[in-house]
1. Return the pairs, sorted by first residue and then second, in which the second residue is loosely packed, with under 14 Cβ neighbours inside 10 Å, the first residue lies in the range 59-72 and is more than 14 Å from Phe87 (Cα to Cα), the beta carbons are less than 7 Å apart, and the residues are 6+ apart or on different chains.
2. Check Ala13 against each of (1) within 12 Å of the chain's Cα centre (by Cα); (2) surrounded by fewer than 15 Cβ atoms within 10 Å (Cβ to Cβ); (3) not β-branched (Val, Ile, Thr); (4) not in a strand (DSSP E or B) and name the one condition it does not meet.
3. When you go through (1) at pLDDT 95 or above; (2) in a loop (DSSP other than H, G, I, E, B); (3) open to solvent by 60 Å² or more (accessible area, probe 1.4 Å) one by one for Val4, which number turns out not to apply?
4. What pairs can you find where one residue is in the range 29-51 and on the phi > 0 side of the Ramachandran plot and free of Cβ contacts under 8 Å to residues at least 60 places away in the same chain, the other is open to solvent by less than 40 Å² (accessible area, probe 1.4 Å) and among the β-branched types (Val, Ile, Thr), and their Cβ atoms are less than 9 Å apart, with a gap of 6+ or different chains?
5. Report, by residue number, each residue of the range 21-32 that is assigned to a strand (DSSP E or B) and open to solvent by 100 Å² or more (accessible area, probe 1.4 Å).
6. Can you say whether Asp96 is surrounded by fewer than 16 Cβ atoms within 10 Å (Cβ to Cβ), charged (D, E, K, R) and at pLDDT 90 or above, as far as the supplied structure shows?
Amino acid sequence: MPTVPEAAKASLAQKLTARARTAWPKLTGLDVRYRGQFASVDGELAHGESIKLMRPRYGGSASTWGFALYLAGTDKYEDSILPTGTFAGTPEEALDCARGLYLTAPGI
């Protein structure tokens, strides 16, 4: 199981933060944590609430990640397929999928 190199961690955080600023302005920030080959990404909302969004999976490339979306109904992360039909893609594509899921929630 590969661990995430520091350069890939920095790249992931930078790409996700840039996408969130432009595509999801209701997020005031992102909290990205790492464990083994996984990152956990939570969104921070203006009123102080934190929501679990997704779990990117490092597979050896800083530009292509697998990912699982957080499903509040089951309180679990589920591997997800991108709209492109693939199981891995850019961090921005993964955040866009999470945004599509959570934009329907009140206040988000």
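The values are calculated or read from the model by the stated rules, or taken from the named source; none is laboratory data. Only a predicted model underlies this, so the values are computations on that prediction, with no experimental measurement involved. Here Cβ is always computed from backbone atoms with ideal geometry, including for glycine, and neighbour counts include all displayed protein chains. Note: areas computed on protein heavy atoms with side chains; ligands, DNA, RNA excluded. Shrake-Rupley method; radii C 1.70, N 1.55, O 1.52, S 1.80 Å.
1. Gly60/Pro2; Ala62/Ala7; Leu71/Glu78
2. Unmet for Ala13, out of (1) within 12 Å of the chain's Cα centre (by Cα); (2) surrounded by fewer than 15 Cβ atoms within 10 Å (Cβ to Cβ); (3) not β-branched (Val, Ile, Thr); (4) not in a strand (DSSP E or B): (2).
3. (3)
4. Between residues of the range 29-51 that are on the phi > 0 side of the Ramachandran plot and free of Cβ contacts under 8 Å to residues at least 60 places away in the same chain and residues that are open to solvent by less than 40 Å² (accessible area, probe 1.4 Å) and among the β-branched types (Val, Ile, Thr), the close pairs are Gly36/Val4.
5. Listed by number, the list is empty, since nothing qualifies.
6. Values: surrounded by fewer than 16 Cβ atoms within 10 Å (Cβ to Cβ): no; charged (D, E, K, R): yes; at pLDDT 90 or above: yes.
When the stated conditions are applied, Asp96 does not pass them.
Table: residues versus (1) in contact with a Lys or Arg (Cβ under 8 Å, 6 or more places away or on another chain); (2) not basic (Lys, Arg).
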{"position": "Glu6", "(1), (2)": "no, yes"}
{"position": "Gln37", "(1), (2)": "yes, yes"}
{"position": "Asp42", "(1), (2)": "yes, yes"}
{"position": "Ser50", "(1), (2)": "no, yes"}
{"position": "Gly66", "(1), (2)": "yes, yes"}
{"position": "Pro83", "(1), (2)": "no, yes"}
{"position": "Thr90", "(1), (2)": "yes, yes"}
{"position": "Leu95", "(1), (2)": "yes, yes"}
{"position": "Arg99", "(1), (2)": "no, no"}
